[in-house]
Structures are given as C-alpha cells and as structure tokens.
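The values are calculated or read from the model by the stated rules, or taken from the named source; none is laboratory data. Owing to the predicted nature of the structure, the values given are computational and were not obtained by experimental measurement. Cβ sites come from the backbone with ideal geometry, for glycine too, and all protein chains shown count toward neighbours.
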Amino acid sequence: MIQAADLPDTIAVFPLPGALLLPRSLLPLHIFEPRYLQMLEDALKTSQRLIGMVQPFSGHSSDDDLHEIGCAGRITQFSETEDGRYLITLSGVSRFRIKEETDGFTPYRRCQVSWDGFDRDLGKVESDIRFDRPEFLDLLERFFSSRSLSTDWDALKDADDELLINSLSMMLDFEPEEKQALLEAPGLATRLETLTTLIEFALFGGSNEETLQ
C-alpha cells in the first residue's frame, strides 16, 4: 500500500472526459495513443507507478484546461496486445489538487500536485451508517429499468457501502461535470447524496445544473 510519504510532487495526468477514478476503486483503460503509450512506459519505470486521471473542462479535448481535482491510480495490471496497445487497470490511491502544469519534453501532460486535504483516501474503507440500502436499490432498479439496463442484483445487495456507491458513480453514464461532482464529494455519505440526486433527476427530469448547486 502506498503511504502519504511515498506520493510524488509531480505526476503524469491523463485527461479523459467522463472517466472517473475513485480511491480504492478499479478503472480499466485501453491505451493506444502514442503519447499515452509513452506515459504508461514512463510510469512503469517509477516505484509508485501512478497516473493521475483528471477531467478536461470542456469534456471534449485532452488539450483543454483541466479541473483542479483529480484522482491518482496505481497501475496494478497491464497486458500488451499484438498490435502494441495496452490494457491496464488503475487502482485508485488518492485524490489530488493540481498546483500548476509543468513544462517538459514529454508528449503527455505533467502537473505539480498537492495531496493535502485527502487523507481519508489513504485510510480505511468508508461506510455510511445512514445508508438506506433497500430504498436506494429500489430507486436504482427503476433507473436501470428506464434505460433497459441489467445487472447482478444479488451482487449489489451484498456489496459493501463503498464498493457499491463508488462503482455506480464510476460506471453510470453521467455527464463529465456530474462525474466531477461525484469525485469532489468530501466523503462517502456526500457522494451517496450526490449520486442519489443525479439518479432522481435522470428519472424524473429537471436541471442537473440546479441539482449540483
């Protein structure tokens, strides 16, 4: 496990619209652009093997301005295809705050970051004692039904609070700015409130902009 003292001051960042990584969660990625293949190779040479996932502001281009808060993941699995692409898995380590983007000779972007304020990301798995799981799963079932989605409901019922809430936050098809709101939630209880509100507005209509104010 990575300790706070092991976290570097500068990391490579991967701006990917709509891709959300959360601490203690897993994000599979398909790497094929030459600049990100170089990023992967460079990250694998370091002891931490960290890549920072961050949302570009416009949600369209990796050359856009970046949101201030992202989440770093450790490369825990990778495999190479015959045509030189990589399939990797990032394990979420900690959120970070971008201080400034650094100039350099790499084809990918690098940023100086601060890990201050995200101590709980390196701590124990979180839970929410106020979580009404039956009520939430009922809402979720209606949401899935409205979109003709299927899932393993027994697995959802048995999953611990953090795994359930974080996995849904990462996998459900929300807009990039909504994903950012889920990332920036201070803790699990706040993330659950945000996730529930997003699902309710997706079901019943309304302005997501109003929801997140």
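Look at segment 56-69: where a residue is assigned by TED's automatic domain parsing to the domain that holds Phe118 and modelled with pLDDT under 85 and a partner is part of a loop (DSSP other than H, G, I, E, B) and aliphatic (A, V, I, L, M), sitting 6+ places away or on another chain with Cβ atoms under 9 Å, you get Ser62/Leu16. Summed over segment 70-93, the residues that are closer than 22 Å to Pro186 by Cβ and either touching a Cys at 6+ places or on another chain (Cβ under 7 Å) or modelled with pLDDT under 95 (or both) give a count of 1.
Here are some residues: Lys99, Lys124. Which one is within 22 Å of the chain's Cα centre (by Cα) and either part of a helix (DSSP H, G or I) or exposed (fewer than 13 other Cβ atoms within 10 Å of the Cβ) (or both)? Exactly one of Lys99, Lys124 is within 22 Å of the chain's Cα centre (by Cα) and either part of a helix (DSSP H, G or I) or exposed (fewer than 13 other Cβ atoms within 10 Å of the Cβ) (or both), namely Lys124. Being out of contact with any strand residue (DSSP E or B) (no Cβ under 9 Å at 6 or more places or on another chain) and closer than 19 Å to Pro56 by Cα is not true of Glu126. Selection within segment 130-172: residues that are modelled with pLDDT under 90 and not in a helix (DSSP H, G or I). The member of this set that is surrounded by the fewest Cβ atoms within 10 Å (Cβ to Cβ) is Ser148. Counting residues in segment 74-94 that are in contact (Cβ under 8 Å) with a residue 12 or more places away in the chain, on the phi < 0 side of the Ramachandran plot, of a type in the set (D, E, K, R) and out of contact with any helix residue (DSSP H, G or I) (no Cβ under 6 Å at 6 or more places or on another chain) gives one or more. For segment 12-29, which residues satisfy the criterion of being within 18 Å of Leu66 (Cβ to Cβ) and more than 8 Å from the chain's Cα centre (by Cα)? Correct list: Ala12, Val13, Phe14, Pro15, Leu16, Pro17, Gly18, Leu29.
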